[in-house]
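Encoded as structure tokens, the structure appears first; notes follow it.
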Amino acid sequence: MEEAAIASQIGQDYVPYVKETRGSKFVKAEEKKEKTIYDDEFEKLLMEAEKQGGASVDDEDIDALAEILGASSLLGSVDISSCSRPGKETGLKSPIADARAEKVQAEVDMTETNDIEIEEALGQIKNNDASLATCCFNNVQMDAETVDSVTSAMVRNTSVTKLEMCNCGVTDSAIEGFITLLQSNTTLQSLSLETNKIAGKFLVKLVQSLDTNETLKELRIANQYYSTGVGDEMAIAKALEKNTSLCKFSLNWKNGGSRNTADRFIMRNNDIARKKRQGLA
């Protein structure tokens, strides 16, 4: 049998196996960053600005546009990934667990002690003290009566341009006072009410009161104890359309469509402010 096998012709054409790769070698393509509506709007606004009668776009203008478009800190706005609800650092406990709420807020240090004398500050506001341009009550817990006293005093004040009342225990009952303030005061440029206990429908009323306000440039209402609903966000975004002075706005957006709508209106207001600075409006 051995001799028969050796003499056999079967297997004479055997070719050793050699691994071969057919076709072109796979090369992983570089990942391309998807272009967003913000990139398109940014380029469009820059081109429009450069076409204006000989006006040049300086670094301040570019920074202002970059802020609203999210290229630089998203104009201080808070998105869905930042501080959706108060965490332990605020001293408030959210009714809904959310790991994102554990993030420390960079905008307002909730552990900082505020030594402001409320009665003294109220007296300065009522007396229209020209030396008081910024009034910061952050981290000072107030009852409803004290909050009403602050808003009532601010109605006729012509000196304070920035009012900060973050983590002060402001509730829904105080919103009417802030609405009257925003409809009457023509000096205030910045209002911060972050990390309080204001429900979504009252935030809507607050923003809607800005339809006749032409001086407020910044409104911060993010990080509330109660989460806003989709309907509230849509109403807030729609209300922003009627205001042309607000250039910075913060809210915990959960609805992308509402946020995009609001961003467009804030971006429009920034462009209006830029043209005013350059004497084009």
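Go through the range 216-231 and give me each residue that's out of contact with any helix residue (DSSP H, G or I) (no Cβ under 6 Å at 6 or more places or on another chain) and open to solvent by less than 40 Å² (accessible area, probe 1.4 Å).
First, pick out the residues of the range 216-231 that are out of contact with any helix residue (DSSP H, G or I) (no Cβ under 6 Å at 6 or more places or on another chain): 216-220, 222-227, 230-231.
Of everything in the range 216-231, those that are out of contact with any helix residue (DSSP H, G or I) (no Cβ under 6 Å at 6 or more places or on another chain) and open to solvent by less than 40 Å² (accessible area, probe 1.4 Å) turn out to be 216, 218, 219, 220, 222, 223, 224.
Kindly indicate which of 200, 177, 169 is touching a residue at least 24 places away in the same chain (Cβ under 8 Å), closer than 20 Å to residue 142 by Cα and in contact with an Asp or Glu (Cβ under 6 Å, 6 or more places away or on another chain).
Residue meeting the stated conditions: 177.
Restricting attention to the range 157-189, report how many residues are more than 19 Å from residue 123 (Cα to Cα) and touching a Ser or Thr at 6+ places or on another chain (Cβ under 8 Å).
Total meeting the criteria: 9.
Scanning for something at pLDDT 95 or above, within 20 Å of residue 178 (Cβ to Cβ) and in a strand (DSSP E or B), does the range 220-232 turn up at least one residue?
Yes: the range 220-232 contains one or more residues that are at pLDDT 95 or above, within 20 Å of residue 178 (Cβ to Cβ) and in a strand (DSSP E or B).
Could you list, in sequence order, the residues of the range 244-281 that are buried (at least 20 other Cβ atoms within 10 Å of the Cβ) and assigned to a loop (DSSP other than H, G, I, E, B)?
Passing the criteria: 246, 247, 251, 252, 253.
Out of all the residues in the range 110-156, which are open to solvent by less than 60 Å² (accessible area, probe 1.4 Å), farther than 17 Å from residue 167 by Cα and in a loop (DSSP other than H, G, I, E, B)?
Answer for the range 110-156, where residues must be open to solvent by less than 60 Å² (accessible area, probe 1.4 Å), farther than 17 Å from residue 167 by Cα and in a loop (DSSP other than H, G, I, E, B): 128, 129, 132, 133.
Just to be sure I understand, how many residues within the range 232-263 are farther than 24 Å from residue 212 by Cβ and either free of Cβ contacts under 8 Å to residues at least 40 places away in the same chain or over 11 Å from the mean Cα position of the chain (by Cα) (or both)? Give the derivation first.
As a first pass, look at the range 232-263 and keep what is farther than 24 Å from residue 212 by Cβ: 252-257, 259-260.
Among the residues that remain, those that are also either free of Cβ contacts under 8 Å to residues at least 40 places away in the same chain or over 11 Å from the mean Cα position of the chain (by Cα) (or both) are: 254-257, 260.
Number of matching residues: 5.
Considering only the range 233-243, I want to know if a residue exists there that is of a type in the set (Asp, Glu), in contact with a Phe, Trp or Tyr (Cβ under 9 Å, 6 or more places away or on another chain) and part of a helix (DSSP H, G or I).
yes
Going through the range 163-207 one residue at a time, which ones are more than 16 Å from residue 217 (Cα to Cα), part of a helix (DSSP H, G or I) and open to solvent by less than 10 Å² (accessible area, probe 1.4 Å)?
Matches in the range 163-207: 174, 175, 200, 203.
The values are calculated or read from the model by the stated rules, or taken from the named source; none is laboratory data. Nothing here was measured: the structure is a model prediction, and the numbers come from that model. Cβ coordinates were reconstructed from backbone atoms using ideal geometry, including for glycine residues, and neighbour counts include every protein chain displayed. Note: areas computed on protein heavy atoms with side chains; ligands, DNA, RNA excluded. Shrake-Rupley method; radii C 1.70, N 1.55, O 1.52, S 1.80 Å.
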